[in-house]
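Got a structure for you, written out below as structure tokens; questions coming shortly.
None of the figures in this text is laboratory data; all of them are computed from the coordinates on show. Quick caveat, the model's predicted, so the values are computed rather than measured. Using ideal geometry, Cβ is built from the backbone for each residue, glycine included, and neighbour counts are taken over all protein chains shown.
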Amino acid sequence: MGEEDFGFAVPAFKPDEALLRARRELREMGLSERAGQFERAGLAIAKLVIDGAALNASVVKRPSRNSPEWTHKTLSSSAMLRDWMAELKRKLAGWSDRDE
């Protein structure tokens, strides 16, 4: 069953609005924004940048004071952004558990 069977189209992804929502959610997760990246306790955790009709999202593999290793993903829908945020939330919880 395709989406055309329901008689409506999926709303267009608006990266500028999605970035605003994501920033709010990242702050709610306890991250602070500095110079375009989101940090916790001074450690870089995530970056989100608008790229045309999508968001380029990056997250560190492991928090590090030295050169962190980043994984990158292009998010072109609200569902992809929700999944990325949920995965980041799981990672943050795991990192907190190890830190304590």
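Please state which one of A57, A53 is surrounded by 15 or more Cβ atoms within 10 Å (Cβ to Cβ), closer than 13 Å to A18 by Cα and among the aliphatic types (A, V, I, L, M). Spell out the reasoning first.
Details: A53 fails: surrounded by 15 or more Cβ atoms within 10 Å (Cβ to Cβ).
Going through A57, A53 in turn, just one is surrounded by 15 or more Cβ atoms within 10 Å (Cβ to Cβ), closer than 13 Å to A18 by Cα and among the aliphatic types (A, V, I, L, M): A57.
Spot the failing condition for E25; the list is (1) surrounded by 14 or more Cβ atoms within 10 Å (Cβ to Cβ); (2) in contact with a helix residue (DSSP H, G or I) (Cβ under 7 Å, 6 or more places away or on another chain); (3) more than 12 Å from L88 (Cα to Cα), and only one is missed.
(3)
Every residue, every condition in (1) free of Cβ contacts under 8 Å to residues at least 24 places away in the same chain; (2) outside any helix (DSSP H, G or I), yes or no:
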| residue | (1), (2) |
| --- | --- |
| F13 | no, yes |
| A18 | no, no |
| F38 | yes, yes |
| A44 | no, yes |
| K47 | yes, yes |
| V59 | no, yes |
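When only residues in region 62-84 that are in contact with a strand residue (DSSP E or B) (Cβ under 6 Å, 6 or more places away or on another chain) and either of a type in the set (D, E, K, R) or not in a strand (DSSP E or B) (or both) count, which is surrounded by the most Cβ atoms within 10 Å (Cβ to Cβ)?
L81
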